[in-house]
Structures are given as C-alpha cells and as structure tokens.
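Reading through the structure tokens given below for one structure.
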Amino acid sequence: MSDDRSSSRSKSSLNDSFERYLQDKGKGRGGDGGNYRRNAARELERFVEWAAGDRGDDDWTGIVPDDVDREPTFDDLDERVFREYARHLGRDRGLKQNTVQTYYRYISAWCGWCVNEGHLEAHYAQRASAMAPLPEDDGRKPGDQQAWTSEQRHALTRHVDERARDALEAYTTLPEDTDPPDKQRARYAALKAARDRALVFVLAYTAVRVGELLRDPNDPRRRGV
C-alpha cells in the first residue's frame with residue numbers, strides 16, 4: 001500500500017506540492033502570510049515554468065521528453081535537472097552571484113521538503129554535481145553595504161546633487177511670462193532630478209539593494225518598492 005502511495009506521489013505534477021509546501025513555510029493562520037512564502041512562491045512558479053519549457057533559451061524544451069504531452073512530474077526530476085536549472089540561473093547576467101544563490105536555495109528547500117513528504121527519493125538539489133554550476137557566494141548578506149569606495153560614493157552623490165540643484169534653480173528662476181508648457185517641463189525636470197538624487201543617496205548610504213528599491217516593468221525579477 002505504501003509503495004502504491006509513493007508511486008502515485010512521484011507521478012504527480014510538481015504544482016500539486018506547492019500549496020502544501022508554502023502553507024508549511026508561511027506565517028499566520030493557514031500559513032498564508034510572510035515574506036518567505038511570497039518569495040518562495042515566485043521562485044517555484046519560475047522553476048515549474050522553466051521545467052515545462054516556458055523559460056530559458058530558445059532551444060530549451062523543458063524536462064519532459066519531446067514525444068510526451070504532459071506537465072512535469074516528480075519522476076522527471078533528478079540531479080541533472082537541478083544542475084541545468086543552476087546553469088539557467090547563472091546565465092542570467094542581470095543577477096548578482098548571491099542573488100543566484102538565493103533563488104536556488106528556494107528551490108533547494110522545496111526539494112528537501114519533497115524528500116520528507118515522499119515525493120522524491122533523494123535531495124537532488126543539494127548534490128555536488130547539481131550545485132557545481134552555481135557561482136561562488138560572494139559572502140555578502142542581504143543587509144551588507146554596496147561595495148563602493150568612498151571616492152566613488154562621493155563622486156556619484158555630488159553629481160546627482162549638482163544636477164538636482166541646477167534643475168530646481170532653472171525652474172524657480174523662470175520669468176513670470178514663461179509659457180505654461182515650458183513651465184510644466186521645467187517643473188517635471190526639477191522633480192525628476194530631485195527624485196533621482198533621493199534614490200541615489202538612499203542606495204549610496206544604506207544597505208538597500210537596487211532590486212529592492214527600483215522596479216523594472218520589463219524584468220519580473222525586479223519588483224522594488
């Protein structure tokens with residue numbers, strides 16, 4: 001009976017395990033809250049899309065054999081799959097080394113949970129061959145300061161400060177008979193320069209990262225505030 005149940009789990013869709021895993025890792029009643037749950041859900045969604053062939057290089061067709069029409073299941077997973085996913089993350093030049101490590105850890109933690117739940121026979125994601133393509137961890141923790149020299153930080157903040165001052169002065173010293181459209185453009189330029197100055201100073205003198213602060217509509221991984 002237990003063998004039948006184990007076989008059934010190994011043939012189930014990867015998606016079938018996500019909600020239970022996220023509930024176990026989430027906070028609050030029903031495990032519906034918490035930053036870890038939200039971040040893990042995002043990475044699991046990306047992993048299963050990659051496994052189905054919907055992410056990655058143009059010639060990547062996923063982990064299911066080409067002649068089979070179904071969603072990826074646990075039977076399709078082994079250490080080679082996680083090695084390929086580590087390569088996939090490492091090829092994203094928009095990601096820093098420690099970010100690649102962080103994203104992979106979400107998938108690795110889920111893999112370990114699946115072993116405990118009987119979906120997988122082994123923790124494939126933690127095997128040395130699976131982790132080999134990952135970049136070396138640069139040693140920085142989430143709260144570490146950016147690796148800028150004091151000279152670089154000073155030059156950058158001085159530059160944006162001067163631009164903001166010039167833009168504000170250009171707007172506040174406009175002649176009274178300035179056309180409304182020209183006044184609006186000058187006002188917008190001043191606001192934008194002041195905003196950019198604030199953002200640069202926050203980045204330069206706090207431990208916040210660019211991806212945590214700024215949002216890129218063309219990059220789903222950049223979901224800053």
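What's the angle, to the nearest 10 degrees (0 to 90), between helix 97-116's Cα axis and the longest principal axis of the chain?
Result, in degrees: 30.
Rounded to the nearest 500 deg cm²/dmol, what is the calculated helix-only ellipticity per residue at 222 nm for the chain, with -39500 (n - 2.57) per DSSP H run of length n ≥ 4?
Working: 9 runs with 126 residues, N = 225.
Estimated from H runs of four or more residues: -18000 deg cm²/dmol.
Can you tell me, using C-alpha contacts under 8 Å and at least 6 residues apart, the relative contact order of the stretch 14-132 as a whole percent?
Values: 117 pairs, mean separation 26.1, N = 119.
This gives 22 percent for the stretch 14-132.
Treat every Asp and Glu Cβ in the chain as -1 and every Lys and Arg Cβ as +1, leave all other atoms uncharged, and give the resulting dipole magnitude about the Cα centre to the nearest 20 debye. Write out the running numbers ahead of the final one.
On the way: 38 positive and 42 negative charges, 227 e Å.
Once rounded to the nearest 20, the dipole reads 1080 debye.
Could you please report the charge total around residue 27, scoring K, R as +1 and D, E as -1 over all other residues with beta-carbon less than 14 angstrom from its beta-carbon? Could the numbers behind the result be given before it?
Numbers: positive: 25, 29, 37, 38; negative: 24, 32.
Within the 14 Å Cβ shell, the charges total +2.
Angle between the Cα long axis of helix 180-205 and the longest principal axis of the chain, 0 to 90 degrees, nearest 10?
Approximately 60 degrees, to the nearest ten.
Any idea of the accessible area per residue across the chain, 1.4 Å probe, to the nearest Å²?
Details: 14200 Å² over 225 residues.
Heavy-atom accessible area per residue stands at 63 Å².
Under a point spin-label approximation (7 Å from Cα along Cα-to-Cβ), what is the residue 157-residue 78 distance to one decimal in nm?
5.5 nm
Can you check what the net charge comes to around residue 128, using other residues whose Cβ is under 12 Å from the Cβ of residue 128 (Lys, Arg +1; Asp, Glu -1)? The partial results should precede the final answer.
Details: positive: 83, 127; negative: 79.
The answer is +1.
Which residue, 102, 206, 149, tops the fluctuation ranking in a GNM of the chain built on C-alpha contacts under 10 Å?
149
Can you compute the modelled spin-label distance between residue 16 and residue 198, with each label point 7 Å from Cα toward Cβ, in nm?
With each label point 7 Å from Cα toward Cβ, the separation is 5.0 nm.
Mind giving me the FRET efficiency for residue 116 and residue 91? R0 is 25 Å, r the Cβ-Cβ distance, nearest 0.05 is fine. Don't skip to the end; give the middle numbers.
Numbers: r = 31 Å, r/R0 = 1.23.
The calculated FRET efficiency here is 0.25.
Can you give the local net charge around residue 164? Use residues other than it whose beta-carbon is closer than 14 angstrom to its beta-carbon, Lys and Arg +1, Asp and Glu -1. Write out the running numbers ahead of the final one.
Values: positive: 158, 163, 165, 187, 192, 195, 197; negative: 161, 162, 166, 169, 196.
Local net charge: +2.
With just the Cα atoms of the chain, tell me how far they stretch along each of the three principal axes, in Å, largest first.
Principal axes ranked by extent give 86, 43, 38 Å for the Cα atoms.
Could you check the spin-label model distance between residue 216 and residue 24? Points 7 Å from the Cα along Cα→Cβ, value in nm.
With each label placed 7 Å out from Cα toward Cβ, I get 3.4 nm.
With everything on Cα atoms, drop me the angle between helix 79-90 and the longest principal axis of the chain, reported from 0 to 90° to the nearest 10.
Approximately 10 degrees, to the nearest ten.
The values are calculated or read from the model by the stated rules, or taken from the named source; none is laboratory data. Computed from a prediction, not measured in an experiment: that's the story for all the values here. So basically every Cβ, Gly included, is an ideal-geometry build from the backbone, and we count neighbours across all protein chains shown. Calculation scope for accessible area: heavy atoms of the full protein, side chains included, ligands and nucleic acids excluded. Shrake-Rupley method; radii C 1.70, N 1.55, O 1.52, S 1.80 Å.
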